[in-house]
Amino acid sequence: MQKILFSIAFITLLTTHNLFAASGDVDLLSDEMFLSDSETAQTDARVDEPEEKEEKSGGIFGFMRPITKFFSGGDSNETTEEVEEDLFDKLTRSADSGDVESQMELAYIYLYGVDDVEQDFTKALHYYTLAAEQKDPIALNNLGSLYFSGIGTQKNIGKALGLFREAAELGNDNAALNLAFIYLTGGKKNAERNKRAIELFEKAQAKNNIAKFMLGYAYYKGFVVPQDYEKAFQLIKAAAESPAQIDESQLILARMYAEGKGTVQNYQNAINSYRSAVAQNNMEAVMELAQIYADGVMCAKNFVLAHSLFNIASSKNVPDAAQKRDALTAEMKLEELTQAQEAAQNYQSAPSELTSYIRQTYGSNIRKYIENNM
């Protein structure tokens with residue numbers, strides 16, 4: 001089953017600043033860390049979005065949107081309100097009797113406020129706790145996220161990390177990813193934490209595109225692992241070209257094609273990858289591709305495309321974009337300028353769902369998690 005990731009509006013998630021800046025450098029690897037509360041943590045962890053459920057899958061229980069198992073069908077003579085009330089009562093009784101799937105569905109309903117049910121974080125915490133006690137990996141991760149974020153309860157970083165660790169050990173790739181990013185933001189540079197982060201990316205990368213890109217970038221930079229452009233290329237290309245595309249993987253892939261690192265040099269492939277990243281509103285790719293067109297590097301000069309791209313970047317307040325755009329203006333004919341401006345005006349980005357999730361969760365440059373620890 002493929003994960004469908006959604007951002008969670010009420011949770012501010014991991015950012016690139018120091019996780020424990022307010023409380024000093026905390027050893028995330030010590031047992032003591034898992035026994036203490038932290039009221040000063042500056043970031044929150046992600047909540048694992050439930051999977052689309054397949055009948056008789058035998059896998060991790062998920063919950064659906066809407067809850068079709070309980071919120072459909074019924075006597076046609078009954079009103080919608082009567083049917084939903086009766087089915088919600090059935091769901092509650094099933095959850096309270098110990099059915100882990102019902103507990104997960106009910107936790108989801110209270111977490112998001114689904115089908116006119118009032119949002120209630122305390123009840124969401126309660127039902128995730130019940131499901132986590134039955135060792136459901138998604139419940140363990142989500143419960144860890146609630147404790148990490150202080151949603152429905154007081155923040156408890158130690159308990160959250162323990163839950164993330166348990167979920168990761170049970171094979172939850174999102175929990176492994178949470179732990180990896182926490183290790184990379186856990187205070188002063190620490191070789192042991194960095195090593196643990198890479199191990200977690202390795203563990204999660206088979207199922208998780210973010211982990212795949214981060215591991216590939218580690219090989220690209222020689223972070224913890226020996227620098228290996230061929231391994232980097234394979235991982236980054238996979239992250240760039242999968243259905244769940246990541247804009248940063250497309251950007252780095254373009255650079256690797258342009259420079260011939262880990263693969264044969266191929267300018268057309270580089271430009272195609274840049275274009276894919278530009279379509280996802282990656283401003284680094286916008287600026288680099290604009291410069292390629294302006295200089296005639298890897299392709300013939302094209303001032304119309306260069307001007308339009310610099311213009312797009314300028315509208316996003318990218319440094320030097322306006323100056324580069326204006327420098328081209330003096331060399332262009334009026335009809336070329338009009339064409340370039342129209343192209344910029346009509347530009348509409350379409351970030352993938354995963355790229356949007358990453359930006360809301362980890363920031364616009366997840367490579368910095370590695371670069372800041374080198």
Checking the condition over 18 Å from residue 367 (Cβ atoms) and crowded, with 24+ Cβ neighbours inside 10 Å, which residue from 176, 232, 239, 206 passes? 176
Elements of type helices (runs of 4 or more DSSP H) in segment 217-322, at least 3 residues being in contact with a helix residue (DSSP H, G or I) (Cβ under 8 Å, 6 or more places away or on another chain) and among the hydroxyl-bearing types (Ser, Thr, Tyr): 267-279, 303-315
Sort out which residues of segment 152-164 are surrounded by fewer than 19 Cβ atoms within 10 Å (Cβ to Cβ) and free of Cβ contacts under 8 Å to residues at least 40 places away in the same chain, and write them in order of number. 153
Just one of (1) surrounded by 13 or more Cβ atoms within 10 Å (Cβ to Cβ); (2) over 19 Å from residue 279 (Cβ atoms) trips up residue 319, so point out which. (1)
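Yes/no per residue for (1) closer than 24 Å to residue 174 by Cα; (2) touching a Phe, Trp or Tyr at 6+ places or on another chain (Cβ under 7 Å):
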{"position": "212", "(1), (2)": "yes, no"}
{"position": "226", "(1), (2)": "no, no"}
{"position": "237", "(1), (2)": "yes, no"}
{"position": "247", "(1), (2)": "yes, no"}
{"position": "251", "(1), (2)": "yes, no"}
{"position": "256", "(1), (2)": "no, yes"}
{"position": "266", "(1), (2)": "no, yes"}
{"position": "291", "(1), (2)": "no, no"}
{"position": "305", "(1), (2)": "no, yes"}
Which residues, taken from segment 136-151, are aliphatic (A, V, I, L, M) and free of Cβ contacts under 8 Å to residues at least 40 places away in the same chain? 139, 140, 143
Residues in segment 318-363 that are hydrophobic (A, V, I, L, M, F, W, C) and under 30 Å from residue 246 (Cβ atoms): how many? 9
Applying the selection to segment 323-358, what residues are among the basic types (Lys, Arg) and either over 18 Å from residue 293 (Cβ atoms) or in a loop (DSSP other than H, G, I, E, B) (or both)? 333
Just give me the residues in segment 147-190 being within 18 Å of residue 123 (Cβ to Cβ) and under 17 Å from the mean Cα position of the chain (by Cα), in sequence order. 149
Take the conditions surrounded by fewer than 21 Cβ atoms within 10 Å (Cβ to Cβ), more than 29 Å from the chain's Cα centre (by Cα) and without any contact (Cβ under 8 Å) to a residue 40 or more places away in the chain and apply them to residue 301. Does it pass? yes
Test residue 181 against the stated conditions and say whether it is touching a residue at least 60 places away in the same chain (Cβ under 8 Å), assigned to a loop (DSSP other than H, G, I, E, B), on the phi < 0 side of the Ramachandran plot and out of contact with any Pro (no Cβ under 7 Å at 6 or more places or on another chain). no
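Each value in this text was obtained by applying a stated rule to the coordinates, not by laboratory testing. Please read all numbers here as calculations on a predicted model, not as lab measurements. Here Cβ is always computed from backbone atoms with ideal geometry, including for glycine, and neighbour counts include all displayed protein chains.
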